[in-house]
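The values are calculated or read from the model by the stated rules, or taken from the named source; none is laboratory data. Here the structure is a predicted model, which is why all the values come from computation and not from measurement. FYI the Cβ positions are ideal-geometry reconstructions off the backbone, even for glycines, and counts take in every protein chain you see. Accessible surface areas use protein heavy atoms only, side chains included; no ligands, DNA or RNA. Shrake-Rupley method; radii C 1.70, N 1.55, O 1.52, S 1.80 Å.
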Amino acid sequence: MADRIVVDPITRIEGHLRIEAKVENGVITDAWSSSTMFRGIEKILQGRDPRDAWYITQRFCGVCTTVHSIASIRAVENAVGMKVPFNAEMIRNVIMGMQYVQDHVIHFYHLHALDWVDIVSALSADPVKTAALQESISDWKYSSADYFKGIQDRLAAFAKTGRLGPFGNAYWGHPAYKLPPEANLMAASHYLQALEVQKEIIKVHAILGSKNPHPQTFLTGGMSIPCDPNSQNAINADKIAMIMECNKTAREFVEKVYIPDIIAVAPFYLDWAGIGKTSGNYMSYGEFPDGREGHPNNLWLPAGIIKNGDLSTVHPVDHTKITEDVVHSWYEDTGPRHPWEGATDKKYIGPKPPYDYLDVEQKYSFVKSPRYEGAPMEVGPLSRMLVAYASGHKEVQDVVNHVLTTLGVGPEVLFSTLGRTAARAVETLIVARKMESWLMALAANINTGDYAIHDNSKWDPSTWPVQAQGYGWHEAPRGALGHWIVIQNKEIKNYQAVVPSTWNAAPRDDKGVRSPYEEALIGTPIADPEKPLEILRTIHSYDPCLACAVHVYDEKNELKSKVKIL
């Protein structure tokens, strides 16, 4: 096979991702996605108390902690028939809603924006013109020429240190960067502001979860933080007021900075509305129970599947139609299996490091290949927004139509790398606006004297059947997350997690069909094979998390390295 571009590791993501791409006449004609880390943490769960699973699964990753907790407790609740009280559902909504906002802000400004913004160019910007640009897109409070001159001076001083950190290994000056210096300086200032904002708004997790990351108050059957307006140690009016302030900060930043930035930057990169398209299959499990029926009923963001890009029909999601294929994954071949029957028995037959290329005709990744009715599915914010848009979700339709009208483009641009990036911003806005209603619903319910926070009726394992199985779905910021559990004699017999990056980063299946990352790269122009910035743009638009997808653990419990922090 001809030489390929190899990007390994893809940086500014969580976990270890390798992309190999075949380029002909300056365009990618084929691509392969691989994670070379072993997946296996599910095996640790076997034989353990199902009520402890959420505590262990949030260690799949150092970023996606809350999402695995809630998927896990929902799996156990589904298996044994627990009914979660309304207060607990609203607290979960607030925790997960703020996770969306913080995660998306971090992704856009700190992980993805540098694919579009040339920081070096910002050093030559005119601060007066930058201030005029800022004032033309919003009434954000940081908009004076003196402010931008200060940012420029800070960047120049930082560059002189020679210790560039996350800015040290980039493709500055690449011809694919198109923003003028003033837009680059404005974006650089928002990068720095976003660092402060994300730190402030995630305090909601410390208030409701005792700490962040890895909140401690999740519990199968509800939550472990009490509700009592007369107790300083419980959720009361003071704590709700603190959360409201955090959300006010988040909403202001999203409305006055994030959305205006997307609208300001997109016109320079409209060619990317025709790059990064996948098979047209999009799936969402739905999220945020919005009534007293509890999850998975009456979800604010609806569940559904869109096939072949057809927005006229939203198909229901049935978990029994999900399988995982390992024909091109480094596991014992078992054929496509539903997660309840899934196995995690590694069988590495790849090349011995160091090597130039993977043997992509054989097995080439530790990520499995999930399929729905045998077809690949893209998951993530774009899928959620498309399913919601096609389902008639008014808030989503209003914001999506506003963005499309402002840019002067049609809905077809959503099926692209640019659409994926814009969809995440749209979702951040509508979630930030929705958070207040969940807080008010929680406060109103507490005021009625209902302090219930946990369903104790099925807490004792002696009330469980000898054998039970369940599944827990959560629409994580990165996409559809599912945990499947099989319980036997009150212990976990089998456990499988199919995470968003498993769906998106998978290798080919038994029919040789590409998964979303691989498909989205086909047709991507590459200006300089030595600096494949274009690959990063599309891959980063998914916000990969390979730590979740492969669930790293060391079965020999060997110390690999020590880090001394000075």
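With a simple spin-label model that places each label point 7 Å from the Cα along the Cα-to-Cβ direction, the separation between LYS211 and HIS315 comes to 4.4 nm. The gain in end-to-end length when the ASP333 to ALA157 segment is fully stretched comes to 57.8 nm, 0.36 nm per residue minus the alpha carbon separation. Around ILE10, under 15 Å between beta carbons, what's the net of Lys plus Arg minus Asp minus Glu among the other residues? Neighbour charge sum, excluding ILE10 itself: -1.
Carbon-plus-sulfur fraction of the accessible area of the chain, 1.4 Å probe, in percent?
The nonpolar share, carbon plus sulfur, comes to 52 percent.
Given Cα positions, please report Rg to Rh for the chain, the hydrodynamic radius being the Kirkwood one. Walk me through the numbers before you get to the answer.
Working: Rg = 23.4 Å, Rh = 24.4 Å.
Dividing the radius of gyration by the Kirkwood radius yields 0.96.
Please report the relative contact order for the chain, taking Cα pairs under 8 Å with a sequence separation of at least 6, and give it as a percent rounded to a whole number. Please list the in-between numbers first.
Numbers: 1113 pairs, mean separation 151.2, N = 566.
With pairs under 8 Å counted, the relative contact order is 27 percent.
Where does the charge balance sit around SER231 when Lys and Arg score +1, Asp and Glu -1, over other residues with C-beta under 11 Å from its C-beta?
Working: positive: LYS239; negative: ASP228, ASP238.
Here the charged neighbours net out to -1.
Between the stretch 209-245 and the stretch 156-197, the alpha-carbon centres lie 38 Å apart. Ranking of THR463, THR344 by solvent-accessible surface, largest first: THR463, THR344 (1.4 Å probe, protein heavy atoms only, all chains present). Note on VAL128 and VAL466: with the Förster distance fixed at 51 Å, the Cβ-Cβ geometry gives a FRET efficiency of about 0.10.
Only Lys, Arg, Asp and Glu count, each charged at its Cβ (+1, +1, -1, -1), so figure out the dipole size of the stretch 259-383 about its Cα centre, rounded to 20 debye. Can you show the working numbers first?
Values: 11 positive and 18 negative charges, 26 e Å.
Once rounded to the nearest 20, the dipole reads 120 debye.
Restricting the trypsin sites (Lys or Arg not before Pro) of the stretch 134-168 to loop positions (DSSP other than H, G, I, E, B) with no more than 14 neighbouring Cβ atoms within 10 Å leaves LYS141, ARG163. The calculated FRET efficiency for the pair GLU135 and GLU530, based on their C-beta separation and a Förster distance of 51 Å, comes to about 0.80. By the helix-only formula, in which each DSSP H run with n ≥ 4 contributes -39500 (n - 2.57) and the sum is divided by residues, the chain has a 222 nm mean residue ellipticity of -11500 deg cm²/dmol.
Among the listed pairs LYS368/LYS511; LYS178/LYS394; LYS211/LYS368, those with a Cα-Cα distance over 25 Å are LYS178/LYS394; LYS211/LYS368.
Taking every alpha-carbon pair in the stretch 223-329 and binning the separations at 10 Å intervals from zero gives 11, 18, 30, 25, 14, 3 percent.
For the stretch 317-369, the set of GluC sites (Glu not before Pro) satisfying both a DSSP loop assignment and a count of at most 13 other C-beta atoms within 10 Å is given as GLU332, GLU361.
May I ask you to order 295-303, 471-479 by the average number of other C-beta atoms within 10 Å around their residues, highest value first? Intermediate values should be presented prior to the final figure.
On the way: 295-303: 18.6, 471-479: 27.0.
Taking the mean over residues of other Cβ atoms within 10 Å, the ranking is 471-479, 295-303.
A full extension of the chain between THR29 and ILE44 corresponds to an added length of 1.4 nm, given 0.36 nm per residue minus the alpha carbon distance.
Ordering 279-286, 198-205 by mean Cβ neighbour count within 10 Å, with the highest value first, yields 279-286, 198-205. Measuring nothing but how far apart in sequence close Cα pairs (under 8 Å, 6+ apart) lie, relative to its length, the stretch 1-158 scores a relative contact order of 11 percent. Roughly speaking, what is the centre-to-centre gap between the stretch 300-354 and the stretch 483-538 when only Cα atoms are used, to the nearest Å? Using only Cα atoms to place each centre, the spacing works out to 9 Å.
Express the accessible area of the stretch 39-186 per residue in Å², computed with a 1.4 Å probe while the remaining protein chains stay in the model. Let's see the in-between values first.
Numbers: 5360 Å² over 148 residues.
On a per-residue basis, the stretch 39-186 sits at 36 Å².
Taking 8 Å as the Cα distance limit and 6 or more residues as the minimum spacing, I'd like the relative contact order of the stretch 216-307 as a percentage. Each step should come with its number before you reach the end.
Values: 66 pairs, mean separation 13.2, N = 92.
Over the stretch 216-307, the number comes to 14 percent.
Under a 5 Å amide H cut-off, with hydrogens placed 1.01 Å from N, VAL27 pairs with ILE526 among residues at least 5 apart or on other chains. Can you list the aspartates and glutamates whose alpha carbon is less than 15 Å from that of LYS248, not counting same-chain residues fewer than 8 positions off? Straight-line reach from LYS248, under 15 Å: GLU196, GLU200, GLU436.
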